[in-house]
Amino acid sequence: MTKEILLDQETNQTNQIRKYIGSFFCVLSVAILFTDKFTTFGIEDSQGYKTVETLIWFITQSLGPIVFAIAALLGAYRIFYFVPIYVYSIQIYWAFDQSLKVDDPLLHFYALGCIFGVFLLLLTFIFIIQKLSKANYILIKNIKKSTRFLSTHVFDNYVEKLPEKDQKNYTIDTIKFIDSLDK
C-alpha cells in the first residue's frame with residue numbers, strides 16, 4: 001500500500017509539472033506574436049511581404065496556434081487559456097476596425113494580457129515549487145523517523161546481546177549517524 005501511495009504522489013507531481021509546462025507553452029503561444037516588435041533575427045529579405053516585420057508576424061501567427069495546440073496536449077491549467085483568447089480577441093477587433101491600419105495602437109492591450117499571463121505563470125510556478133518542497137520535506141522527515149526507529153529496534157533486539165564494547169561502538173556510531181541526518 002505504501003508503494004501505491006508513493007507512486008500516486010510521483011504521478012501527481014509529474015502531472016503538475018506537465019501542466020506547468022503546458023501553461024508555459026500557452027503563454028508562449030501569445031508571447032511569440034510580439035517578436036516582430038523586437039527583432040528581425042537579422043533577416044533582410046522580406047520574401048515578398050511589405051516588410052521583414054510583416055514576414056515575422058505572419059510566421060509567428062502560424063506558429064502561435066501550433067504552440068497553443070502543444071499546450072493543450074500537455075493539459076495546461078485552464079486559467080492560462082485566457083491569455084490566448086484575450087490576445088486573439090484583440091486581433092479580431094483590430095481586423096474589423098477600419099480606422100486602424102496597423103495594430104501598434106493596441107500594443108498596450110496585448111502587453112497587458114501577456115504580462116498577466118506571465119505573472120500567473122510565475123505564481124503557479126512558485127506555488128508548485130512550494131508544494132513539491134513541502135512534500136519532499138515530509139518525505140525526508142519520515143525517512144529520518146524510520147531510520148531512528150530502525151536503529152532503536154536493532155539495538156533493542158540485536159545489539160544488547162553483543163558484548164558491552166561492541167554495544168558502545170554501535171551506540172556511538174548510531175548516534176553520529178542519526179545526528180548527521182539532522183544536518
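Please treat every number below as a calculation from the coordinates, not as lab data. Everything numeric in this text was worked out from a predicted model, so none of it was measured. Here the Cβ is made from the backbone with ideal geometry for all residues, glycine too, and neighbour counts use every protein chain on show.
Figures for the structure shown
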read-out	value
Cα-projected label distance for residue 69 with residue 153, points at 7 Å along beta-carbon direction, nm	5.4 nm
Highest-first arrangement of 22-35, 116-129, 73-86, where packing means the average Cβ count within 10 Å	22-35, 73-86, 116-129
Simple spin-label estimate for residue 137 and residue 45 in nanometres, 7 Å along Cα-Cβ	5.8 nm
Stretchable slack from residue 38 to residue 125, in nm (0.36 nm times residue separation minus alpha-carbon distance)	28.7 nm
